[in-house]
């Protein structure tokens, strides 16, 4: 029986337990994409309170592909030192740490750059329908180089690896999805639509070595579960060490789901991936995990290899400790609009309830 405190091998490195922090964007960088003290404290706290792996939020590989003007970045060498500070603050807690590297595609903020896609397509951007521009092959190759260069910077900063952001309508997801109508080697069948991401994985492996973890946060439902599993197969063949499963472009509400289960539709995608890739690469699931009992159920019933926590460890980093060792924590109350972080309209109720200066940074007041 798998328990939350059991170690697991990810690539050539060992993760001390099965409780991991999912990447959750908080938009505290300036327009220069530089790490601030907030980021250092934020991630070190989750490492200190038990997470075995910490994934730093979506980090732009190029400024024109940002999802928001104040997104964290790894697009130039000047940003390396700030990331090194995050790594050094987390390292004493025996944690694996990866940044999630990202390019916006259909999720690009209009103040940052052009709306781009594998194919020209109309897309709703913050309530406004816009036409996305089809990327040329030259642009595709430039963006792929940006991903590889960002991974090299991540390695220089001391990270254990990187996670590619391949879901939530961002560019790697766009290539794998139904919006990709290309007729060249980057479009058509599942393998061709996965080729954009697969080439990035191969480029990172060549540049960063065999002991550098390459994870992909993959959509489990684009355009179908079966085709997403095929996309995952392509990424694993290319050298992906770890699949962390979420959703993407398709409407997850259309996916059949047994509501009696103690996990939701998005987490169910991770369960499906774990069943498919069992014993080959570890798989993580995410979304709606709010209690230690849910985490234990998923692991003890061999439904996943690791459990990614987002809102739970934002609301209270002690949530990870409650899973691992028992004890009290302040539960996320699932606000309709998350109140965690300074870019949001209200303060997280858990932060208010906790009321401890250790947790409430100046940015939340």
Legend entry - Residue satisfying condition, being without any contact (Cβ under 8 Å) to a residue 12 or more places away in the chain and touching a helix residue (DSSP H, G or I) at 6+ places or on another chain (Cβ under 7 Å), within set 191, 233, 185, 226: 185
Legend entry - Cβ-Cβ under 7 Å pairs, at least 6 apart or on other chains, the range 1-19 side on the phi < 0 side of the Ramachandran plot and modelled with pLDDT of 95 or more, far side part of a strand (DSSP E or B) and loosely packed, with under 15 Cβ neighbours inside 10 Å: 7/14
Inset, instruction - Could you please let me know if residue 263 is crowded, with 21+ Cβ neighbours inside 10 Å and touching a helix residue (DSSP H, G or I) at 6+ places or on another chain (Cβ under 8 Å)? - result: yes
Legend entry - Of the criteria (1) closer than 20 Å to residue 18 by Cβ; (2) modelled with pLDDT under 70, which one residue 362 fails: (1)
Legend entry - residue 148 within 19 Å of the chain's Cα centre (by Cα) and assigned to a strand (DSSP E or B): no
Inset, instruction - For the range 93-133, name all the residues that are without any contact (Cβ under 8 Å) to a residue 24 or more places away in the chain and either out of contact with any helix residue (DSSP H, G or I) (no Cβ under 9 Å at 6 or more places or on another chain) or farther than 14 Å from residue 169 by Cα (or both). - result: 110, 120, 122, 124, 126, 127, 128, 129, 130, 131, 133
Legend entry - Count - residues of the range 187-207 that are part of a loop (DSSP other than H, G, I, E, B) and within 23 Å of the chain's Cα centre (by Cα): 1
Inset, instruction - Look through the range 25-41, keep the residues that are touching a helix residue (DSSP H, G or I) at 6+ places or on another chain (Cβ under 7 Å) and crowded, with 21+ Cβ neighbours inside 10 Å, and return whichever of them is farthest from residue 102 (Cα to Cα). - result: 39
Inset, instruction - Return the pairs, sorted by first residue and then second, in which the second residue is loosely packed, with under 15 Cβ neighbours inside 10 Å and modelled with pLDDT of 65 or more, the first residue lies in the range 332-359 and is closer than 11 Å to residue 316 by Cα, the beta carbons are less than 8 Å apart, and the residues are 6+ apart or on different chains. - result: 349/333; 350/333
Legend entry - Subset tally (residues that are at pLDDT 95 or above and not in a strand (DSSP E or B)) for the range 115-145: 15
Legend entry - Given (1) outside any loop (DSSP other than H, G, I, E, B); (2) within 30 Å of residue 187 (Cα to Cα), index of the condition residue 68 fails: (1)
Legend entry - Index of the failed condition, residue 175 passing every other in (1) assigned to a helix (DSSP H, G or I); (2) surrounded by fewer than 24 Cβ atoms within 10 Å (Cβ to Cβ); (3) in contact with a helix residue (DSSP H, G or I) (Cβ under 6 Å, 6 or more places away or on another chain): (2)
Inset, instruction - For the range 47-100, enumerate the residues that are closer than 22 Å to residue 327 by Cβ and surrounded by 24 or more Cβ atoms within 10 Å (Cβ to Cβ). - result: 47, 50, 51, 52, 53, 54, 90, 95
Inset, instruction - Would you check which residues across the range 184-214 are surrounded by 14 or more Cβ atoms within 10 Å (Cβ to Cβ) and more than 30 Å from residue 14 (Cβ to Cβ) and list them? - result: 186, 187, 188, 190, 191, 192, 193, 195, 196
Inset, instruction - Answer yes or no: is there a residue in the range 294-301 that is outside any helix (DSSP H, G or I) and touching a helix residue (DSSP H, G or I) at 6+ places or on another chain (Cβ under 8 Å). - result: no
Inset, instruction - Tell me, please, whether a residue that is over 23 Å from residue 198 (Cα atoms) and touching a strand residue (DSSP E or B) at 6+ places or on another chain (Cβ under 6 Å) can be found in the range 98-119. - result: yes
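The values are calculated or read from the model by the stated rules, or taken from the named source; none is laboratory data. Being a predicted model, the structure only gives us computed values, none of them experimental. Methodologically, a virtual Cβ is constructed for each residue, glycine included, from the backbone with ideal geometry; neighbour enumeration extends over all protein chains shown.
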